[in-house]
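Have a look at the structure below before the remarks.
Taken together, the values in this text are just the output of simple stated rules run on the coordinates, not laboratory data. A quick note: this is a predicted structure, and the numbers were derived from the prediction, not measured. Cβ atoms come from the backbone with ideal geometry, glycine included; neighbour counts cover every protein chain shown.
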Amino acid sequence: MFKSELKRSSVFKNKDIVSPHYIPDILPFRDDQIKEIITNIAPALSGKKIGNLFIYGKTGTGKTSTIRVVLAKMAELIKERTDCESVITTYINCRNHNTKYRIILKHINDFDSHDYVGYSSSFVYDKLMDYIKNKKIALIIVLDEIDLIKDVDEAVYSLTRANDELSSGSVSIIGISNNVMFKQKLDPRTKSSLCERELVFPPYNAGELTKILQDRTAEGFNENCVDDSAIRLASAYAAQESGDARTAILLLLRAGELADENNEIQVVEAHVRDAKKRVEKDILLDMVGTLPEQLQYVLFAVTRLTKYRTQTVLSHNGEDVLYSGEVYGEYYKIAKTQGKNPVSLKWFKQYLDELELYGLIATTLSGKGVRGTTTLIKLGVDASILNTILEPKINM
Ligand code: ADP
Ligand code: MG
């Protein structure tokens, strides 16, 4: 049995390449962004001070891959030249290092073999500053998914303030966010220092996604194992949803797995179609998992009402919608049962905006009616899928 299992052929040549974590050496359609980042950080190599940079764009638009590629190029250059050894770039994913303390600790532990876990925040900060000053380091810190840092204002502020205190060496930050609204939530002071310069990553269109998938297919799948129509369908789905290369790649990956499971030799459109639900759930799981608690409650309120409410309200174009007032009521109840303070209506409106940006809900304004003008809300994703994700997290 083992033998036959091993012998069974697979559509994949190298499955790792068809993973959203894989970073190809060449990134089509990102030349402008690569150039822009290099222009921003290259002066550090000739000893000049560089400013901070804020990069944003939706998930799957290639931000992480692009910065990784640029950092790798830069590391090569630094290795070749002896005159820029003092430039150090670090990459941190703030999912794993989500406080100022952890970020600083991570740097210290990279520089110094002593284990500083447990030391006070100011101690590790001073230690890092000493290190930068004594070795005259130009430190460029990439903070990917910067919005996930809990004390982000404090973190950005103290890392950038460092420059005023340092007599030699410097610290610059490249902050990256999938959340287009993140900037608005920053303290004005932090915002102006982090967002000195900004760079946007736009979504990909279907044609661009097709090219990206074709490249990936050539490397990751065996020859002729993916029908071109399957690639085009995956690109079309992903372009329609969000212009997100990660979704497109995940669709291809799951489609390939389905072909393997069914002992088929080629990935065809039907596999992509079947993969779609699974991928939607994976992506939602990931997205919902990183939402702050209160936003999860608001989303859960919309989900529950969509799923369980019997009376229906129709918007002017005939869609089934919810009143923002009733969603607030449901949210209020949910927050209370979780032992948390519900936010005010004003904040609640901000949360709705944010959920809308993620495509999780869609809002419209009602025409002037009995209740005056009110916001109408509709879930942007499948209620049942969302419910299976949120219900276990939020015990009612
Ligand atoms: P983001 O950080 O913006 O969410 P990623 O850089 O993680 O996006 O990209 C998600 C996936 O899509 C990765 O597998 C990445 O390699 C791939 N990808 C994104 N942009 C491109 C591109 N221009 N060319 C090839 N692959 C890309
Ligand atoms: Mg990323």
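The table that follows gives values for the structure above.
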{"quantity": "Reach of residue 281 by Cα under 16 Å, taken over lysines that are not fewer than 8 positions away in the same chain", "calculated": "393"}
{"quantity": "Gain upon complete extension [residue 10, residue 121; 0.36 nm per residue less C-alpha separation]", "calculated": "34.8 nm"}
{"quantity": "FRET E, pair residue 26, residue 383, Förster distance 35 Å, beta-carbon r, rounded to 0.05", "calculated": "0.30"}
{"quantity": "Calculated FRET value between residue 391 and residue 154, using beta carbons and R₀ = 41 Å, to 0.05", "calculated": "0.75"}
{"quantity": "Given 150/346; 35/106; 63/276, the pairs whose alpha carbons are separated by over 26 Å", "calculated": "35/106"}
{"quantity": "Residue list for region 168-200, given a label point 7 angstrom along the Cα-to-Cβ vector of residue 136 and an amide N cut-off under 12 Å", "calculated": "168-170"}
{"quantity": "For region 384-396, 3J(HN,Hα) per residue [Karplus equation, 6.51 cos²θ - 1.76 cosθ + 1.60, θ = phi - 60°, Hz, x = Gly/Pro]", "calculated": "5, 4, 4, 5, 5, 7, 7, 4, x, 7, 10, 6, 9"}
{"quantity": "Ascending count of other beta-carbon atoms within 10 Å, so fewest first, for 97, 271, 114", "calculated": "114, 97, 271"}
{"quantity": "Added length on full extension, which subtracts the Cα-Cα distance from 0.36 nm per residue, residue 198 to residue 365", "calculated": "56.9 nm"}
{"quantity": "Rg over Rh, two decimals, region 204-289 (C-alpha only, Kirkwood Rh)", "calculated": "0.95"}
{"quantity": "Contact order normalised by residue count of region 204-289, Cα under 8 Å, 6+ apart, percent", "calculated": "32 percent"}
{"quantity": "Viscosity 0.890 mPa s, temperature 25 °C, Stokes-Einstein D of region 293-394 from Kirkwood C-alpha radius, µm²/s", "calculated": "179 µm²/s"}
{"quantity": "Relative contact order [Cα under 8 Å, 6+ residues apart], region 255-396, whole percent", "calculated": "25 percent"}
{"quantity": "Exposure proxy ranking, count of Cβ atoms within 10 Å, fewest first, for 246, 68", "calculated": "68, 246"}
{"quantity": "Relative contact order computed over the chain (Cα-Cα under 8 Å; 6+ residues apart), in percent", "calculated": "18 percent"}
{"quantity": "Residue order, fewest to most beta carbons within 10 Å, for 375, 337, 217", "calculated": "337, 375, 217"}
{"quantity": "Eligible aspartates and glutamates near residue 49 by straight Cα distance, threshold 19 Å, same-chain separation 8 or greater", "calculated": "36, 83, 85, 130, 164, 165, 196, 198"}
{"quantity": "Those aspartates and glutamates that a straight Cα-Cα span of less than 17 Å connects to residue 336, excepting residues fewer than 8 apart in one chain", "calculated": "293, 326, 391"}
{"quantity": "Over 26 Å [Cα-Cα, the chain], rounded percent", "calculated": "62 percent"}
{"quantity": "Rg/Rh ratio calculated on Cα atoms of region 31-200 (Kirkwood radius)", "calculated": "0.94"}
{"quantity": "Estimated 222 nm signal from helices in the chain, with DSSP H stretches of n ≥ 4 weighted -39500 (n - 2.57), rounded to 500", "calculated": "-16500 deg cm²/dmol"}
{"quantity": "Neighbour cut-off at most 14 other Cβ (10 Å), DSSP loop, trypsin sites (Lys or Arg not before Pro), region 90-128", "calculated": "95"}
{"quantity": "Percent antiparallel among DSSP beta bridges (both partners in the chain, rounded to 5)", "calculated": "30 percent"}
{"quantity": "Förster radius 41 Å - calculated FRET efficiency between residue 320 and residue 85, Cβ distance, rounded to 0.05", "calculated": "0.05"}
{"quantity": "Separation of the residue 39 and residue 75 label points, Cα + 7 Å toward Cβ, nm", "calculated": "2.6 nm"}
